[in-house]
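Worksheet for the structure shown next.
The values are calculated or read from the model by the stated rules, or taken from the named source; none is laboratory data. Owing to the predicted nature of the structure, the values given are computational and were not obtained by experimental measurement. Cβ coordinates were reconstructed from backbone atoms using ideal geometry, including for glycine residues, and neighbour counts include every protein chain displayed.
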Amino acid sequence: MTTLEIEGLTVRRGRSEVLHQVDLVVREGECVCLVGSNGAGKTSLIEGVLGLLPTRAKTLSFLGTSLLGVRPWDRVRRGLVVVPQNRDLFAGMTVEENLRLGAVAAGDRTAADAGLAEIYELFPRLAERSEQLAGTLSGGERSMLAIGRGLMSRPRMLVFDEPSLGLAPLVVTSIMRTIARINERGTTVLLVEQNVHQAFALASRAYVLENGVIAGEGPTDELADSELMRRGYLGSAATGGVVAT
Amino acid sequence: MSTVLQLASTGLLQGLIYSLIGIGLYLVFTVMRVVNFAHGYFVLIGMYGVLSLEPKGFFPFLGAVVAAALGGALVGYLVQRLLLESGLAKGGHSQLVITLSLGIAIQYLFQVLHPEPFETIPNPYPFEAFTSSGVTISAPRMAAGVLSLVLVLAVSFLVYRTRIGTIIRGCSESLNGAIHVGINVRRVYRLTFALGCGLAAVAGGLLLPIQPVSPALGLELTIKAFIVVVIGGAGSLWGTVAAGVLLGLAEALGSLYAPGTFATALVYALFFLVILIRPQGLVVRATSRIKPPKSLTKVGVG
Amino acid sequence: MTLGNPLRYLDTPLRRVNAVVVTLALAFALVYPFLVPPPMVGVGFVALLYALRNFTWNIAGGYVGQLSLSHIVAFGTGAFSVAVLTWRHEVNAWIALVVGVVISAVVGFLISLLMSRFGVNAFFLALGTLALSLAAAGVAASWSFLGDTNGISYSGSEEGFAHLMWYIDPSGFYYTTLGFLVVITIGTAALMRFTHFGRSLPFIREDPVIAASMGVRVVRNQALAMALSMGLTSIAGTLIAQYVQIVSYESVLTVEIGVAMMVGSIIGGAGTLAGPIVAGIGIAVLEEFLRSFAVSSANVSSYTQIAYAVVVILLLRFGTGGIMPLWEAGVRRVFGTGRKPVAPVAAEPVGELVDGRVG
């Protein structure tokens with residue numbers, strides 16, 4: 001069964017069209033990554049899929065039903081949850097309040113309590129800081145909190161927007177391990193990353209986004225050896241960043 | 001000395017009403033980043049609402065206040081839904097001009113409907129006045145102050161202790177975050193605006209037996225509400241409450257030293273200075289809050 | 001700098017149509033007092049005064065985007081300077097007018113400078129200037145120098161252009177105001193077109209940060225625009241004071257005046273030359289129209305205020321830029337753009353849902 005099916009997606013940001021006729025499929029239980037350089041349109045794709053930017057599409061369906069015309073918060077309630085790039089935490093509220101707000105769409109208090117226990121088990125660090133204000137957390141903790149909040153929404157699919165951004169290498173590794181665990185537990189994952197090595201290590205399939213169009217796709221082990229990746233990505237990815245040509 | 005005590009007591013009670021008016025504006029201001037220049041005119045809606053119901057006796061009066069509050073909330077809901085919602089995404093200053101114009105429209109509508117200035121109602125409460133150690137407080141003033149305090153506490157309970165309150169605060173903290181957890185932001189905005197306007201209307205109803213109503217009062221109350229919110233700061237609701245009490249006290253005690261119009265002029269001039277000299281604390285914070293988050297500016301959120 | 005052949009500017013149908021309309025309007029405005037009885041000339045004066053008031057507000061409010069309500073102070077300063085200097089101390093009215101202009105300009109310069117220095121945003125600018133105007137009204141109401149609550153009444157006997165006073169026939173006021181309006185309009189148009197200062201104003205409105213990075217002296221130019229704008233608004237205050245012959249804080253220092261200027265400019269089209277003028281004349285016509293329905297005079301102003309508010313709310317709600325943009329779009333539709341057609345934009349695909357509107 002396909003979880004997310006995108007066909008012919010066009011996204012506008014302001015007056016300019018930033019994504020052109022993108023096709024993308026994520027099947028249930030998969031971990032798919034979307035890689036691309038800065039400005040390739042990765043975040044625009046997420047915001048388009050969530051309905052935060054004006055879009056047109058032939059097909060945009062989630063779990064078999066169309067998302068077109070559905071409000072962003074209702075997409076979240078259907079289980080399409082994004083862990084945003086800048087985390088978008090509720091800075092003036094405590095860690096626990098942040099997590100509880102993650103479950104607000106479900107509206108079920110006992111389920112929220114159970115979810116909370118699960119999150120604290122996954123991230124013991126968050127349990128220690130449950131009464132601390134989110135705005136005072138470190139970068140890694142903020143990442144954890146954003147992921148935890150996303151999990152509280154009981155997602156059918158989690159979309160990670162650049163989870164490695166701005167984090168120390170060790171923290172990145174731990175976050176990536178967490179994402180792998182989340183996927184193993186049965187949550188479908190779309191990992192949007194600039195860091196090709198990390199993403200390819202995790203995902204089974206990959207899409208490469210270049211200047212608003214899909215430049216290549218395939219299983220990660222095949223794609224890693226392809227001409228496309230050698231040309232644009234892997235060479236410079238070794239130094240940590242990605243430079244598109 | 002007893003004069004000072006008398007003035008301080010009336011000032012305190014009047015200040016509690018300002019607090020109630022202020023928290024309505026505070027909610028709208030911090031949650032939705034909307035600057036509602038019509039806020040004081042919703043107080044006017046409450047005053048004229050109760051006036052036109054002509055309540056005789058205590059319980060009819062309470063009923064009239066509740067009805068006026070619901071009326072104010074309904075008008076607020078419609079204003080947000082029909083007039084402001086679409087403009088939130090456009091940015092610019094359309095809501096500023098829309099709410100300013102709306103206030104003027106409400107004022108002159110009442111001018112046509114009630115050309116007689118300074119209308120009021122007789123004391124609706126079953127008691128007359130309280131006297132203690134040389135201080136006399138009339139029943140309506142005492143009741144208005146106490147009821148305002150009760151409502152302020154109720155609102156703070158709602159905001160800080162309930163699920164709805166958490167959602168409202170979430171929207172105020174991060175609009176994007178709220179969307180990412182599946183909060184129907186548009187509905188929260190509508191309800192918050194309705195709540196803010198409803199609170200203003202309640203305050204109007206409570207104010208009516210103390211303060212005769214004229215259409216021009218709306219502007220004065222709008223400015224006072226802004227004074228309270230600006231001085232109180234965007235940080236917490238309690239700042240607004242404290243600023244309301246402070247304004248009431250300053251107004252009452254100020255009347256000792258300066259005659260009417262000049263005292264108001266002084267208040268406005270001081271307010272102008274506050275706007276200038278508090279940019280780091282309040283104004284900047286408010287600025288960053290007034291603008292919707294970058295990625296959402298092009299979308300019709302609300 | 002040479003203007004070259006003026007006809008050179010009439011290169012599009014819109015400009016040609018506008019030129020014809022402006023010429024006809026000006027011709028009509030010149031002969032209008034000969035066509036109607038004196039009371040209607042008074043109405044014409046009021047219409048031109050509204051136009052002048054809106055236009056001068058628009059220089060700072062429309063072109064630079066400073067949604068100021070301190071123009072109330074400028075309007076009041078113009079009125080009070082002639083009341084205090086001329087009516088009380090027999091100074092020539094023109095000198096009083098100039099004094100009003102200078103004071104208002106200085107006040108405007110300082111307000112804008114203060115607001116910029118302290119980094120006040122548009123909303124707080126509106127709020128702060130409103131507070132300032134109310135403070136000024138409070139001072140005027142309690143200071144006998146400015147007539148406190150009684151106001152100041154005209155006293156004098158001289159008449160004519162030199163004294164800026166006509167007792168019976170309002171055409172003197174009418175033509176003086178028309179003259180001011182024409183000169184100020186042409187001056188502003190030239191300023192916006194030919195000076196570095198004028199051309200920088202729209203950039204400041206769009207984005208002060210980018211404007212500053214392009215080398216525009218944002219703070220200075222904002223302050224100068226505000227000074228110019230408020231200084232010229234003061235002229236309208238002087239003229240209305242001479243016309244009604246009584247000045248009090250209730251007549252010239254009210255918030256309604258400030259809102260009328262702001263809203264009038266926006267209805268006409270903020271940042272356009274003709275918009276504020278058209279809206280000002282339109283609102284005067286509307287007032288007269290309501291009077292003809294035998295609405296009591298107290299209610300006329302109430303109804304016009306409501307009409308003002310409703311129109312501007314609808315304009316902003318439905319996202320049009322005011323009368324002038326609508327007019328321009330209409331003329332272009334009827335007469336074409338007069339430019340070579342650009343390659344047609346590819347038609348948007350039909351039959352797909354347009355997405356992404358949260359609102």
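All conditions but one from (1) under 25 Å from C:Met40 (Cα atoms); (2) within 20 Å of the chain's Cα centre (by Cα) apply to C:Tyr154; the one that does not is (2).
Screening B:Val185, B:Val213 for residues that are in contact (Cβ under 8 Å) with a residue 24 or more places away in the chain and more than 15 Å from B:Tyr41 (Cα to Cα) leaves exactly one candidate, B:Val185.
Let's see how each residue does on (1) touching a helix residue (DSSP H, G or I) at 6+ places or on another chain (Cβ under 7 Å); (2) in a helix (DSSP H, G or I):
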site: C:Asp11; (1), (2): no, no
site: C:Thr23; (1), (2): no, yes
site: C:Phe28; (1), (2): no, yes
site: C:Val31; (1), (2): no, yes
site: C:Phe45; (1), (2): yes, yes
site: C:Thr56; (1), (2): yes, yes
site: C:Ile72; (1), (2): yes, yes
site: C:Phe80; (1), (2): yes, yes
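For the structure I just gave you, tell me whether C:Thr233 is within 11 Å of chain B (Cβ to nearest Cβ) and either in contact (Cβ under 8 Å) with a residue 24 or more places away in the chain or buried (at least 24 other Cβ atoms within 10 Å of the Cβ) (or both). No. In the range A:72-84, the residue that is surrounded by the fewest Cβ atoms within 10 Å (Cβ to Cβ) out of those that are more than 7 Å from chain B (Cβ to nearest Cβ) and farther than 19 Å from A:Gly148 by Cβ is A:Asp74. When A:Leu99, A:Leu116, A:Leu126 are checked against the criterion of being under 17 Å from B:His180 (Cβ atoms) and not acidic (Asp, Glu), A:Leu99 stands alone in meeting it. Looking only at the range A:192-216, residues that are touching a residue at least 60 places away in the same chain (Cβ under 8 Å), assigned to a strand (DSSP E or B) and either in contact with an Asp or Glu (Cβ under 9 Å, 6 or more places away or on another chain) or polar (S, T, N, Q) (or both) come to 7 in all.
Elements of the type strands (runs of 3 or more DSSP E) sitting completely within the range A:1-119 and holding at least 1 residues that are within 27 Å of A:Phe200 (Cβ to Cβ) and of a type in the set (Lys, Arg): these cover A:16-27. On the stretch given as the range B:85-139, residues that are part of a loop (DSSP other than H, G, I, E, B), among the acidic types (Asp, Glu) and more than 14 Å from every other protein chain (Cβ to nearest Cβ) total 1. Screening B:Leu70 with (1) over 25 Å from B:Gly232 (Cβ atoms); (2) touching a Phe, Trp or Tyr at 6+ places or on another chain (Cβ under 9 Å); (3) more than 8 Å from chain C (Cβ to nearest Cβ) gives one miss only, at (2). Return the total of residues in the range C:201-231 being among the hydroxyl-bearing types (Ser, Thr, Tyr) and either at pLDDT 90 or above or not in a helix (DSSP H, G or I) (or both). Residues in the range C:201-231 being among the hydroxyl-bearing types (Ser, Thr, Tyr) and either at pLDDT 90 or above or not in a helix (DSSP H, G or I) (or both): 1 in total.
B:Val97 fulfils the conditions (1) within 30 Å of C:Gly321 (Cα to Cα); (2) touching a residue at least 40 places away in the same chain (Cβ under 8 Å) except for a single criterion, (2).
Taking the range B:31-54 as the range and being assigned to a helix (DSSP H, G or I), in contact with a Leu (Cβ under 9 Å, 6 or more places away or on another chain) and within 22 Å of B:Ile167 (Cβ to Cβ) as the test, only B:Met32 passes.
Before we move on, is A:Gly107 without any contact (Cβ under 8 Å) to a residue 60 or more places away in the chain, closer than 19 Å to B:Asn184 by Cβ, within 10 Å of chain B (Cβ to nearest Cβ) and under 20 Å from the mean Cα position of the chain (by Cα)? No: the conditions fail for A:Gly107. In the range B:257-275, the qualifying residues are those that are more than 20 Å from the chain's Cα centre (by Cα) and at pLDDT below 80, and the one that is farthest from the other protein chains (Cβ to nearest Cβ) is B:Tyr257.
Restricting C:Ala141, C:Ala137, C:Ala122 to residues that are within 29 Å of B:Ile98 (Cα to Cα), facing chain B (nearest Cβ under 7 Å) and surrounded by 14 or more Cβ atoms within 10 Å (Cβ to Cβ) narrows the list to C:Ala122.
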